[in-house]
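Derivation of every value follows stated rules applied to the coordinates shown; laboratory data play no part. Just so we're clear, the structure is a prediction, and the values are computed from it rather than from any experiment. Note that each Cβ is placed from the backbone with ideal geometry, even for glycine, and that neighbours are counted across all protein chains shown.
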Amino acid sequence: MTASAAPTPTGEIKAKKRLGDILFSGSTVTAGWIIVVVLAAVAIFLIAQSIPALIADPADIKGAPASFWAYVGPLVFGTLWAAVIALAIALPIAIGIALFISHYAPRRLAQGLGYLIDLLAAVPSVVFGLWGIKVLAPFVRPGYEWLATNLGWIPLFSGPVSGTGRTILTVAIVLAVMILPIITALCREVFLQTPRLHEEAALALGATRWEMIRTAVLPFGRPGIISASMLGLGRALGETMAVAMVLSPAAVISFVLLQSQNPTTIAANIALNFPEAAGVNVNVLIATGLVLFVITFAVNALARYAINRRKAFSGAN
């Protein structure tokens, strides 16, 4: 049914808005503003609580760093380093699983795999942390020794190997498993939205199934892949418990993946130190949270820019 319309004195037809349309429009606008207000409130709180840390005497900060930025620098490095490695591991696997579910697997198998992926996304992070400590770390330690022996000439694998297996690479693998279902589920839905006519046209021109995917599915789903990647990266950047449980933290900046002294992340550092923090050290931890907030915001803004630019380029063509 359409909204009724009545002519105005000037002869124009003006549609009458129904009560349901008014309520729905008002509720959606209100929900959108709630998100903006909450985000602004979080930003204001973080900024206000971070000011004492920025102007405090570095001697009052735990560890007595040269400055606040010297304190947060290794944390920022560890956060980005672990998240980037996790994304590099998870993204190709997630795209492969999503393509298998959407274009290769039989219907029943695809449904079963889809349920498993969704179930994996519901596993709590503390369970992944326990799995990383008890199962993954002992399992990968012999592999780390092999990498150091045979590929030690590569800077990433040089240096002494951790005897426990609890390294930044182990944390990255755990994070990759955690973000894998998120990226897979989103990519699967994007690939399933590929216009059927595009796929059939590619096949009609003699393309193989892989060529059809490469020329029709992947270009169509590229904005969705970017969105899924950034969502997974945001999850990896903010993960706390799994990193805090698995990693042996240290305030260092090092690209080596197998050693026992590893850079920690901002979220894990807050979780480990906040219960014992007092005075200005509480503000310091909140200030590191502000830095993480800015990093996450910048990552999402960059992803949105890349997606909009891709859509504009596609529309121009």
Can you give the local net charge around Ala121? Use residues other than it whose beta-carbon is closer than 15 angstrom to its beta-carbon, Lys and Arg +1, Asp and Glu -1. -1
Output the relative contact order of segment 170-317, whole-number percent, from Cα pairs under 8 angstrom with separation of 6+ residues. 25 percent
As a check on your grasp of the helix formula, calculate [θ] at 222 nm for the chain: sum -39500 (n - 2.57) over DSSP H runs of n ≥ 4, divide by the residue count, round to the nearest 500. -23000 deg cm²/dmol
Evaluate the relative contact order of segment 237-287 (contact order divided by residue number), counting alpha-carbon pairs under 8 angstrom at least 6 apart; express in whole percent. 35 percent
Extension reserve of the Ala301-His198 stretch, reckoned as 0.36 nm per residue once the Cα distance is removed: 34.0 nm
Using a Gaussian network for the chain with springs between C-alpha atoms less than 10 Å apart, which of these wobbles most: Phe24, Phe77, Phe157? Phe24
Within segment 98-140, find all residues whose amide N lies under 14 Å from a label point positioned 7 Å from the Cα of Glu276 along Cα-to-beta-carbon. none
Order the peptides 180-186, 86-92, 139-145 from the highest to the lowest mean number of other Cβ atoms within 10 Å of their residues. 180-186, 86-92, 139-145
With +1 on the Cβ of every Lys and Arg and -1 on the Cβ of every Asp and Glu, the dipole magnitude of segment 81-207 about its Cα centre, in debye rounded to the nearest 20, is 260 debye
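At 18 angstrom or more along the helix axis (alpha-carbon based) and mean Kyte-Doolittle of 1.0 or higher, what helices does the chain contain? Whole DSSP H runs only.
Those that pass (Cα extent of 18 Å or more, hydropathy at least 1.0) are 19-55, 68-99, 168-192, 280-316.
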Would you mind getting the Kirkwood hydrodynamic radius of the chain from its Cα pairs, rounded to one decimal in Å? 23.0 Å
